[in-house]
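Have a look at the structure that comes next, please.
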Amino acid sequence: MKAQKVFTFGTLTDARTRKEALGRDVPAQVALLPRHEKIITGIDRATILAQDESIVVGVVFEVSSKELRVLDGYERQYKRKRLRLHDGSAAWVYVLKKIK
C-alpha cells in the first residue's frame, strides 16, 4: 500500500488533532505550497486560492489510502485536490467546496 502525502494549513497542522482524527501519532514536517494564498471565509473556515506571488506555510504528512478516506470524512466540507509543493513533490490538499 503506497503512502499518500497530505499538505494541510489548518486544524490538521496540530499533532493532537491528527491523532484524534486518525487514531495514531502522525509525524509531520513543515512544508510550503507556492502560488497559493490562505484565506478565512465568511463561515470561519480556512481555504486556499491560487495566487502567483503568494505561498502557504503548512505541514505535510503521510497516510495510507484507508486513512486518506478517513480524512475525506473529517474534511467533508472540503474537496481533495492534488497540488505541487515547493520541493516539487505532489500532495493532496483539502480545499473548501464552496466559499461563502
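Rule-based calculations on the coordinates, nothing more; no lab input. Note that this is a predicted model, so its numbers are computed, not measured. Neighbour counts run over all protein chains shown; Cβ positions are idealised from the backbone, glycine included.
Could you work out how far apart the two model spin labels at residue 55 and residue 37 are, taking each label as a point 7 Å from the Cα in the direction of the beta carbon, and quote it in nm?
Taking the two extended label points, one gets 1.7 nm.
Rounded to the nearest 5, what % of DSSP beta bridges with both residues in the chain are antiparallel?
The antiparallel proportion sits near 90 percent.
Relative to the longest principal Cα axis of the chain, at what angle does helix 65-74 sit, 0 to 90 degrees, rounded to 10?
50 degrees
Return the calculated 222 nm mean residue ellipticity for the chain, to the nearest 500 deg cm²/dmol, obtained by summing -39500 (n - 2.57) across DSSP H runs with n ≥ 4 and dividing by the residue count.
One gets -5000 deg cm²/dmol as the mean residue ellipticity at 222 nm.
Where the convex hull is taken over the Cα atoms of the chain, what is its projected area averaged over directions, in nm²?
Average of the hull's projected areas for the chain equals 6.1 nm².
Under 19 Å Cα to Cα from residue 2, which lysines show up? Leave out anything in the same chain fewer than 8 places away.
Here the lysines satisfying the reach criterion relative to residue 2 are 66, 81.
What's the magnitude of the charge dipole for region 4-96 around its Cα centre, counting Lys and Arg as +1 and Asp and Glu as -1 at the beta-carbon? Answer in Debye, nearest 20.
Dipole size: approximately 340 debye.
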